[in-house]
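J.: Have a look at this one before I ask anything.
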Amino acid sequence: MVVGGFSAPGWFALLGLVAAVIAGYLWTQRRARRYLLRFANLELLERIAPRRAGWPRQIPAVLLVVALLLLTLGLAGPTAEAQVPRNRATVMLVIDVSLSMNATDVSPTRLATAQDAAISFVRQLTPGINLGVESFAGSATVLVSPTPDHDQAVRAIQTLRLAEATATGDALAAALNAIDMVNQLIPGQGQGAPPARIVLMSDGKQTTGRDEFAVATQAGQAHIPISTISFGTSYGTVEIQGEQVPVPVDDDSLAKVAELSGGQFYPAQSNQQIHQVYDSLAQQIGYQTIRQDVSRPWLILGTLSCLAAAGAGLVLSQRLPA
(Lines give C-alpha, C1' and ligand atoms only; values in the text may rest on other atoms or scores of the structure.)
Protein backbone atom coordinates (compact mmCIF):
# COMPACT_ATOMS: atom_id res chain seq x y z
CA MET A 1 0.00 0.00 0.00
CA VAL A 2 1.32 3.47 -0.93
CA VAL A 3 0.19 6.65 0.82
CA GLY A 4 1.26 9.97 -0.67
CA GLY A 5 4.09 8.31 -2.58
CA PHE A 6 5.42 6.42 0.48
CA SER A 7 4.74 2.86 1.57
CA ALA A 8 2.67 2.46 4.74
CA PRO A 9 5.51 0.63 6.61
CA GLY A 10 7.76 3.52 5.66
CA TRP A 11 5.41 6.03 7.27
CA PHE A 12 5.23 3.99 10.50
CA ALA A 13 9.03 3.71 10.62
CA LEU A 14 9.37 7.44 10.02
CA LEU A 15 6.92 8.43 12.76
CA GLY A 16 8.51 5.98 15.22
CA LEU A 17 12.00 7.27 14.53
CA VAL A 18 11.04 10.93 14.85
CA ALA A 19 9.20 10.27 18.12
CA ALA A 20 12.18 8.33 19.53
CA VAL A 21 14.69 11.03 18.56
CA ILE A 22 12.61 13.85 20.05
CA ALA A 23 11.96 11.89 23.25
CA GLY A 24 15.66 11.03 23.59
CA TYR A 25 16.71 14.62 23.06
CA LEU A 26 14.24 15.97 25.65
CA TRP A 27 15.41 13.33 28.14
CA THR A 28 19.07 14.25 27.74
CA GLN A 29 18.27 17.93 28.17
CA ARG A 30 16.27 17.27 31.34
CA ARG A 31 19.03 15.00 32.68
CA ALA A 32 21.66 17.66 32.05
CA ARG A 33 19.67 20.25 33.99
CA ARG A 34 19.26 17.86 36.93
CA TYR A 35 23.02 17.34 37.17
CA LEU A 36 23.56 21.06 36.91
CA LEU A 37 21.35 21.77 39.92
CA ARG A 38 23.51 19.54 42.14
CA PHE A 39 25.86 22.49 42.55
CA ALA A 40 24.77 24.05 45.85
CA ASN A 41 26.63 27.33 45.46
CA LEU A 42 25.00 29.10 42.52
CA GLU A 43 27.36 32.07 42.85
CA LEU A 44 30.35 29.75 42.43
CA LEU A 45 28.59 27.99 39.55
CA GLU A 46 28.23 31.32 37.78
CA ARG A 47 32.02 31.84 37.99
CA ILE A 48 33.26 28.40 36.99
CA ALA A 49 30.60 27.17 34.52
CA PRO A 50 30.97 28.30 30.91
CA ARG A 51 28.26 30.58 29.55
CA ARG A 52 25.69 28.61 27.61
CA ALA A 53 25.23 29.50 23.99
CA GLY A 54 21.44 29.93 24.33
CA TRP A 55 19.14 28.85 21.53
CA PRO A 56 21.94 28.52 18.92
CA ARG A 57 23.22 25.48 20.80
CA GLN A 58 20.08 23.65 19.68
CA ILE A 59 20.94 24.08 15.99
CA PRO A 60 23.10 20.91 15.66
CA ALA A 61 20.43 18.77 17.30
CA VAL A 62 17.69 20.24 15.10
CA LEU A 63 19.78 19.64 11.99
CA LEU A 64 20.43 16.07 13.11
CA VAL A 65 16.69 15.45 13.59
CA VAL A 66 16.01 16.92 10.14
CA ALA A 67 18.73 14.71 8.65
CA LEU A 68 17.22 11.58 10.21
CA LEU A 69 13.79 12.63 8.97
CA LEU A 70 15.03 13.11 5.40
CA LEU A 71 17.02 9.87 5.38
CA THR A 72 14.04 7.94 6.68
CA LEU A 73 11.86 9.45 3.97
CA GLY A 74 14.38 8.26 1.40
CA LEU A 75 14.52 4.76 2.87
CA ALA A 76 10.71 4.58 2.97
CA GLY A 77 10.68 4.19 -0.81
CA PRO A 78 8.89 7.34 -2.05
CA THR A 79 7.47 7.18 -5.58
CA ALA A 80 6.00 9.70 -7.99
CA GLU A 81 4.33 9.61 -11.39
CA ALA A 82 6.59 10.34 -14.33
CA GLN A 83 6.21 10.30 -18.10
CA VAL A 84 8.65 8.09 -19.98
CA PRO A 85 8.91 7.48 -23.74
CA ARG A 86 7.29 4.35 -25.14
CA ASN A 87 9.62 1.90 -26.84
CA ARG A 88 7.33 -1.02 -27.72
CA ALA A 89 4.39 0.56 -29.53
CA THR A 90 2.92 0.51 -33.03
CA VAL A 91 0.90 3.36 -34.54
CA MET A 92 -0.88 3.43 -37.90
CA LEU A 93 -1.67 6.90 -39.21
CA VAL A 94 -4.62 6.52 -41.61
CA ILE A 95 -5.49 9.58 -43.73
CA ASP A 96 -8.56 10.10 -45.91
CA VAL A 97 -7.67 11.32 -49.42
CA SER A 98 -11.17 11.25 -50.91
CA LEU A 99 -12.21 14.16 -53.17
CA SER A 100 -14.03 15.85 -50.29
CA MET A 101 -10.61 16.56 -48.74
CA ASN A 102 -10.14 19.18 -51.48
CA ALA A 103 -12.73 21.43 -49.82
CA THR A 104 -11.47 24.92 -49.04
CA ASP A 105 -13.55 25.55 -45.91
CA VAL A 106 -10.19 25.10 -44.14
CA SER A 107 -7.53 27.13 -45.94
CA PRO A 108 -5.87 26.27 -48.25
CA THR A 109 -7.63 22.87 -48.39
CA ARG A 110 -8.58 20.20 -45.90
CA LEU A 111 -5.92 17.85 -47.23
CA ALA A 112 -3.08 20.41 -47.27
CA THR A 113 -3.84 21.44 -43.69
CA ALA A 114 -4.13 17.80 -42.62
CA GLN A 115 -0.75 17.02 -44.20
CA ASP A 116 0.94 19.85 -42.33
CA ALA A 117 -0.55 18.79 -38.98
CA ALA A 118 0.21 15.10 -39.58
CA ILE A 119 3.88 15.86 -40.34
CA SER A 120 4.10 17.85 -37.12
CA PHE A 121 2.57 14.88 -35.28
CA VAL A 122 5.12 12.46 -36.76
CA ARG A 123 8.05 14.65 -35.78
CA GLN A 124 6.84 14.84 -32.18
CA LEU A 125 6.60 11.07 -31.72
CA THR A 126 9.31 9.40 -29.66
CA PRO A 127 11.91 7.51 -31.76
CA GLY A 128 11.08 4.08 -30.34
CA ILE A 129 7.57 3.99 -31.80
CA ASN A 130 6.95 1.94 -34.95
CA LEU A 131 4.94 4.29 -37.17
CA GLY A 132 3.11 3.37 -40.35
CA VAL A 133 1.20 5.54 -42.84
CA GLU A 134 -1.83 4.59 -44.89
CA SER A 135 -4.01 6.58 -47.27
CA PHE A 136 -7.49 5.64 -48.42
CA ALA A 137 -10.22 6.71 -50.79
CA GLY A 138 -12.05 4.00 -52.76
CA SER A 139 -9.35 1.57 -51.60
CA ALA A 140 -6.68 1.52 -48.91
CA THR A 141 -2.93 1.74 -49.55
CA VAL A 142 -0.28 1.15 -46.90
CA LEU A 143 2.36 3.68 -47.92
CA VAL A 144 4.79 2.89 -45.09
CA SER A 145 4.74 -0.24 -42.96
CA PRO A 146 5.29 0.48 -39.24
CA THR A 147 8.92 1.39 -38.71
CA PRO A 148 10.97 3.51 -36.26
CA ASP A 149 12.29 5.45 -39.28
CA HIS A 150 9.81 8.33 -39.09
CA ASP A 151 11.36 10.17 -42.03
CA GLN A 152 9.70 7.64 -44.30
CA ALA A 153 6.33 8.62 -42.85
CA VAL A 154 7.00 12.32 -43.48
CA ARG A 155 7.89 11.65 -47.12
CA ALA A 156 4.76 9.54 -47.61
CA ILE A 157 2.47 12.21 -46.14
CA GLN A 158 3.99 14.84 -48.42
CA THR A 159 3.04 12.80 -51.53
CA LEU A 160 -0.65 12.19 -50.74
CA ARG A 161 -2.98 12.52 -53.73
CA LEU A 162 -6.78 12.75 -53.98
CA ALA A 163 -8.99 9.95 -55.32
CA GLU A 164 -12.68 9.04 -55.52
CA ALA A 165 -14.92 7.37 -52.90
CA THR A 166 -14.39 6.63 -49.18
CA ALA A 167 -13.69 3.09 -47.96
CA THR A 168 -13.23 3.66 -44.24
CA GLY A 169 -13.86 0.03 -43.26
CA ASP A 170 -11.28 -1.27 -45.75
CA ALA A 171 -8.76 1.28 -44.45
CA LEU A 172 -9.22 0.18 -40.84
CA ALA A 173 -8.94 -3.50 -41.80
CA ALA A 174 -5.68 -2.83 -43.68
CA ALA A 175 -4.31 -0.95 -40.66
CA LEU A 176 -5.16 -3.88 -38.35
CA ASN A 177 -3.38 -6.29 -40.71
CA ALA A 178 -0.29 -4.07 -40.82
CA ILE A 179 -0.18 -3.91 -37.02
CA ASP A 180 -0.59 -7.67 -36.73
CA MET A 181 2.28 -8.33 -39.15
CA VAL A 182 4.61 -6.03 -37.21
CA ASN A 183 3.62 -7.52 -33.86
CA GLN A 184 4.64 -10.94 -35.12
CA LEU A 185 8.12 -9.62 -35.91
CA ILE A 186 8.69 -7.67 -32.69
CA PRO A 187 10.16 -9.93 -29.97
CA GLY A 188 7.71 -9.97 -27.09
CA GLN A 189 10.10 -11.27 -24.43
CA GLY A 190 7.14 -12.52 -22.43
CA GLN A 191 5.54 -9.06 -22.25
CA GLY A 192 2.65 -9.83 -24.60
CA ALA A 193 1.77 -7.96 -27.78
CA PRO A 194 3.16 -4.40 -27.98
CA PRO A 195 0.57 -1.65 -27.46
CA ALA A 196 -0.90 -0.40 -30.71
CA ARG A 197 -3.21 2.34 -31.90
CA ILE A 198 -4.80 3.56 -35.11
CA VAL A 199 -5.13 7.31 -35.74
CA LEU A 200 -7.84 7.84 -38.38
CA MET A 201 -8.33 11.26 -39.95
CA SER A 202 -11.32 11.65 -42.23
CA ASP A 203 -14.03 14.12 -43.18
CA GLY A 204 -16.74 12.15 -44.89
CA LYS A 205 -19.15 9.29 -44.61
CA GLN A 206 -18.16 5.85 -45.87
CA THR A 207 -19.41 5.20 -49.42
CA THR A 208 -17.97 1.77 -50.26
CA GLY A 209 -16.21 -1.28 -48.85
CA ARG A 210 -16.45 -3.17 -45.55
CA ASP A 211 -18.65 -2.06 -42.69
CA GLU A 212 -16.53 0.41 -40.69
CA PHE A 213 -18.40 -0.32 -37.46
CA ALA A 214 -17.77 -4.07 -37.71
CA VAL A 215 -14.05 -3.46 -38.20
CA ALA A 216 -14.02 -0.98 -35.31
CA THR A 217 -15.58 -3.64 -33.09
CA GLN A 218 -12.88 -6.08 -34.22
CA ALA A 219 -10.22 -3.52 -33.28
CA GLY A 220 -11.77 -3.14 -29.84
CA GLN A 221 -11.68 -6.89 -29.30
CA ALA A 222 -7.98 -6.86 -30.24
CA HIS A 223 -7.37 -4.01 -27.75
CA ILE A 224 -6.32 -1.64 -30.52
CA PRO A 225 -8.13 1.68 -29.94
CA ILE A 226 -8.89 3.95 -32.87
CA SER A 227 -8.45 7.68 -32.32
CA THR A 228 -10.68 9.35 -34.90
CA ILE A 229 -10.26 12.93 -36.08
CA SER A 230 -13.17 14.55 -37.90
CA PHE A 231 -11.68 17.40 -39.92
CA GLY A 232 -13.66 20.08 -41.70
CA THR A 233 -16.88 22.04 -41.34
CA SER A 234 -20.55 21.49 -42.14
CA TYR A 235 -20.47 24.01 -45.03
CA GLY A 236 -17.55 22.64 -47.06
CA THR A 237 -18.02 22.12 -50.81
CA VAL A 238 -15.96 20.71 -53.69
CA GLU A 239 -16.33 21.10 -57.43
CA ILE A 240 -17.19 17.83 -59.19
CA GLN A 241 -17.87 17.91 -62.94
CA GLY A 242 -18.49 21.64 -62.86
CA GLU A 243 -20.89 21.56 -59.93
CA GLN A 244 -20.36 22.59 -56.30
CA VAL A 245 -21.16 19.55 -54.16
CA PRO A 246 -21.62 19.93 -50.38
CA VAL A 247 -19.23 17.78 -48.33
CA PRO A 248 -20.11 18.24 -44.65
CA VAL A 249 -18.05 16.33 -42.10
CA ASP A 250 -19.56 13.15 -40.67
CA ASP A 251 -18.94 13.47 -36.93
CA ASP A 252 -21.43 10.80 -35.91
CA SER A 253 -19.82 7.93 -37.84
CA LEU A 254 -16.29 8.77 -36.69
CA ALA A 255 -17.43 9.17 -33.08
CA LYS A 256 -19.07 5.73 -33.24
CA VAL A 257 -15.92 4.13 -34.69
CA ALA A 258 -13.90 5.54 -31.80
CA GLU A 259 -16.45 4.36 -29.23
CA LEU A 260 -16.67 0.81 -30.58
CA SER A 261 -12.87 0.43 -30.60
CA GLY A 262 -12.28 1.94 -27.17
CA GLY A 263 -10.63 5.04 -28.62
CA GLN A 264 -11.43 8.74 -28.56
CA PHE A 265 -13.13 11.08 -31.02
CA TYR A 266 -11.63 14.52 -31.81
CA PRO A 267 -13.54 17.09 -33.89
CA ALA A 268 -11.43 19.77 -35.59
CA GLN A 269 -12.66 22.62 -37.79
CA SER A 270 -9.58 24.79 -38.27
CA ASN A 271 -5.84 24.71 -38.80
CA GLN A 272 -5.24 25.51 -35.13
CA GLN A 273 -7.63 22.83 -33.87
CA ILE A 274 -6.18 20.06 -36.03
CA HIS A 275 -2.68 20.89 -34.75
CA GLN A 276 -3.94 20.86 -31.16
CA VAL A 277 -5.50 17.43 -31.69
CA TYR A 278 -2.33 15.96 -33.16
CA ASP A 279 -0.19 17.55 -30.42
CA SER A 280 -2.41 15.95 -27.78
CA LEU A 281 -2.23 12.56 -29.50
CA ALA A 282 1.55 12.79 -29.77
CA GLN A 283 1.78 13.15 -25.99
CA GLN A 284 -0.72 10.35 -25.30
CA ILE A 285 0.85 7.91 -27.75
CA GLY A 286 4.52 8.78 -27.34
CA TYR A 287 4.66 8.66 -23.55
CA GLN A 288 3.35 6.51 -20.75
CA THR A 289 2.87 7.41 -17.10
CA ILE A 290 4.60 5.16 -14.59
CA ARG A 291 5.54 5.39 -10.92
CA GLN A 292 9.26 5.87 -10.37
CA ASP A 293 11.46 5.77 -7.29
CA VAL A 294 12.28 9.32 -6.11
CA SER A 295 14.29 8.50 -2.98
CA ARG A 296 17.57 9.96 -4.33
CA PRO A 297 16.81 13.67 -3.53
CA TRP A 298 15.71 12.79 0.02
CA LEU A 299 18.90 10.79 0.64
CA ILE A 300 21.08 13.60 -0.71
CA LEU A 301 19.33 16.21 1.47
CA GLY A 302 19.58 13.91 4.50
CA THR A 303 23.31 13.45 3.99
CA LEU A 304 23.85 17.20 3.61
CA SER A 305 21.86 17.84 6.79
CA CYS A 306 24.06 15.33 8.66
CA LEU A 307 27.16 17.16 7.51
CA ALA A 308 25.62 20.50 8.47
CA ALA A 309 24.75 19.16 11.94
CA ALA A 310 28.33 17.96 12.47
CA GLY A 311 29.76 21.29 11.31
CA ALA A 312 27.40 23.31 13.50
CA GLY A 313 28.27 21.14 16.53
CA LEU A 314 31.99 21.67 16.05
CA VAL A 315 31.61 25.43 15.60
CA LEU A 316 29.18 26.06 18.48
CA SER A 317 30.35 23.60 21.13
CA GLN A 318 33.60 22.09 19.82
CA ARG A 319 32.02 18.66 19.74
CA LEU A 320 29.81 16.56 17.51
CA PRO A 321 26.08 16.62 18.30
CA ALA A 322 24.91 13.68 20.39
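J.: May I ask you to list the residues in region 108-142 that are more than 16 Å from D279 (Cβ to Cβ), among the charged types (D, E, K, R) and under 27 Å from the mean Cα position of the chain (by Cα)?
T.: Residue satisfying the conditions is E134 alone.
J.: With I224, I274, I285 as the choices, which residue is part of a loop (DSSP other than H, G, I, E, B) and more than 14 Å from T168 (Cα to Cα)?
T.: I224
J.: Of all residues in region 213-261, which are buried (at least 20 other Cβ atoms within 10 Å of the Cβ) and more than 22 Å from V277 (Cα to Cα)?
T.: V215, V238, listed by residue number.
J.: Given (1) buried (at least 17 other Cβ atoms within 10 Å of the Cβ); (2) touching a helix residue (DSSP H, G or I) at 6+ places or on another chain (Cβ under 6 Å); (3) within 22 Å of T207 (Cα to Cα), where does A175 come up short, assuming only one miss?
T.: Of (1) buried (at least 17 other Cβ atoms within 10 Å of the Cβ); (2) touching a helix residue (DSSP H, G or I) at 6+ places or on another chain (Cβ under 6 Å); (3) within 22 Å of T207 (Cα to Cα), only one is false for A175: (2).
J.: For V133, are the conditions met, namely being crowded, with 16+ Cβ neighbours inside 10 Å and farther than 17 Å from G262 by Cβ?
T.: Yes.
J.: Can you tell me how many residues within region 72-102 are modelled with pLDDT under 95 and in a loop (DSSP other than H, G, I, E, B)?
T.: Final tally of qualifying residues: 6.
J.: Quickly run through region 195-240 and pick out the residues that are touching a residue at least 60 places away in the same chain (Cβ under 8 Å) and basic (K, R).
T.: Of everything in region 195-240, just one residue is touching a residue at least 60 places away in the same chain (Cβ under 8 Å) and basic (K, R), namely R197.
J.: Right, F39: surrounded by 22 or more Cβ atoms within 10 Å (Cβ to Cβ) and either in contact with a Phe, Trp or Tyr (Cβ under 7 Å, 6 or more places away or on another chain) or modelled with pLDDT under 65 (or both) or not?
T.: So F39 fails the test.
J.: Right, next: Within the group Q264, Q283, which residue is surrounded by 15 or more Cβ atoms within 10 Å (Cβ to Cβ) and either acidic (D, E) or within 22 Å of the chain's Cα centre (by Cα) (or both)?
T.: Numbers: Q283 fails: surrounded by 15 or more Cβ atoms within 10 Å (Cβ to Cβ).
Only one candidate qualifies: Q264.
J.: Select from region 119-130 the residues that are closer than 24 Å to T166 by Cα and either buried (at least 24 other Cβ atoms within 10 Å of the Cβ) or not assigned by TED's automatic domain parsing to the domain that holds N177 (or both) and list them in ascending order.
T.: Of everything in region 119-130, just one residue is closer than 24 Å to T166 by Cα and either buried (at least 24 other Cβ atoms within 10 Å of the Cβ) or not assigned by TED's automatic domain parsing to the domain that holds N177 (or both), namely F121.
J.: Further, regarding this structure: Would you call A222 out of contact with any helix residue (DSSP H, G or I) (no Cβ under 6 Å at 6 or more places or on another chain), within 16 Å of K205 (Cα to Cα) and not polar (S, T, N, Q)?
T.: Against the criterion (out of contact with any helix residue (DSSP H, G or I) (no Cβ under 6 Å at 6 or more places or on another chain), within 16 Å of K205 (Cα to Cα) and not polar (S, T, N, Q)), A222 does not qualify.
The values are calculated or read from the model by the stated rules, or taken from the named source; none is laboratory data. All values reported here derive from a predicted model rather than from experimental measurement. Glycine also receives a Cβ, built like all others from the backbone with ideal geometry; neighbour counts cover every protein chain displayed.
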